[in-house]
Amino acid sequence: MMAEIFRTILSQPLFNGLVLLYERASFGDLGVAIILLTLIVRVILFPLFHKTAKHQKIAQRIQPEIKKIQQKHKNDKETQTRELMELYKKHQVNPLTPILLLIIQLPILFAVYKIFRDGISADTLSMLYSFVPVPENVSHTFLGLVELNAVSIPIAVAAAMAQYVQGKLATARAKNQDAMSAQARNITKTMIYLGPIVALVVLTKFPAAVGLYWLTSTLFSIIQQTIVNKSMQKEDE
């Protein structure tokens, strides 16, 4: 039952969108269709991703205040919790926001990943709506160079590099970041390098179509994170 709902609400509309883009807007290049669909999905999800990115920067900015409260009331957990909640309220930060947004995003991202993994084939064409044309010949290549149904090391490496840049931007130094605990700084540094490693390991196991999606989505995130960082810098000035 849940699988059918997932298919009807997410997988089928996204797959039909991919086919339409392939037929109407990609010049017969499946890679271009994947990029276009990824951009459309990211534009739709922009408010959610933007809120998450801004939340992370605010949480990073108030880390010194969180540390002070934790040290001041280390023997009084009730007061510590109350003051932390007041601090979050003052800065309009909900500690559960990243988790809630992740729960919302995961089904969509999984559906997109599954579509790009399976591609346009005889097995997936059954999902087409009646008004969507059936492609006669599907070329599973990107720019005539990359086989999208096979592993592409260059795309995997490019996606990992983009992931690193995005991580650096997401953890860019704030004015008061020196007051962060050593543990918090170590976690931040670890996440910067862990993301690209995970991306590289994963994308060397999956078809290039997934890597192209990952790369496009990460490049979009870099632009979005740059916008967030600039807006936060203006607020700090």
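Quick check: is even one residue across the range 101-121 open to solvent by less than 50 Å² (accessible area, probe 1.4 Å), touching a strand residue (DSSP E or B) at 6+ places or on another chain (Cβ under 7 Å) and hydrophobic (A, V, I, L, M, F, W, C)? So far as the range 101-121 goes, no, none of its residues is open to solvent by less than 50 Å² (accessible area, probe 1.4 Å), touching a strand residue (DSSP E or B) at 6+ places or on another chain (Cβ under 7 Å) and hydrophobic (A, V, I, L, M, F, W, C).
For every residue, the table says whether it meets (1) modelled with pLDDT under 90; (2) open to solvent by 20 Å² or more (accessible area, probe 1.4 Å).
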residue	(1), (2)
A199	yes, no
V202	yes, yes
L212	no, no
T216	no, no
F220	no, yes
I227	yes, yes
Q233	yes, yes
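Are any of the residues in the range 39-55 among the β-branched types (V, I, T) and more than 18 Å from S217 (Cβ to Cβ)? No: the range 39-55 contains no residue that is among the β-branched types (V, I, T) and more than 18 Å from S217 (Cβ to Cβ). Counting only helices (runs of 4 or more DSSP H) that sit wholly inside the range 1-120, those with at least 3 residues that are of a type in the set (A, V, I, L, M) are 2-6, 12-24, 30-44, 46-61, 77-90, 97-118. On the stretch given as the range 22-51, residues that are aromatic (F, W, Y) and either more than 13 Å from the chain's Cα centre (by Cα) or over 22 Å from T226 (Cβ atoms) (or both) total 2. Annotation: of all residues in the range 28-52 being modelled with pLDDT under 85 and of a type in the set (A, V, I, L, M, F, W, C), the one that is least open to solvent (accessible area, probe 1.4 Å) is L45.
The values are calculated or read from the model by the stated rules, or taken from the named source; none is laboratory data. The structure displayed is predicted, hence computed values, not measured ones. Here the Cβ is made from the backbone with ideal geometry for all residues, glycine too, and neighbour counts use every protein chain on show. What goes into the accessible areas is simple: the full protein's heavy atoms, side chains included, and nothing from ligands, DNA or RNA. Shrake-Rupley method; radii C 1.70, N 1.55, O 1.52, S 1.80 Å.
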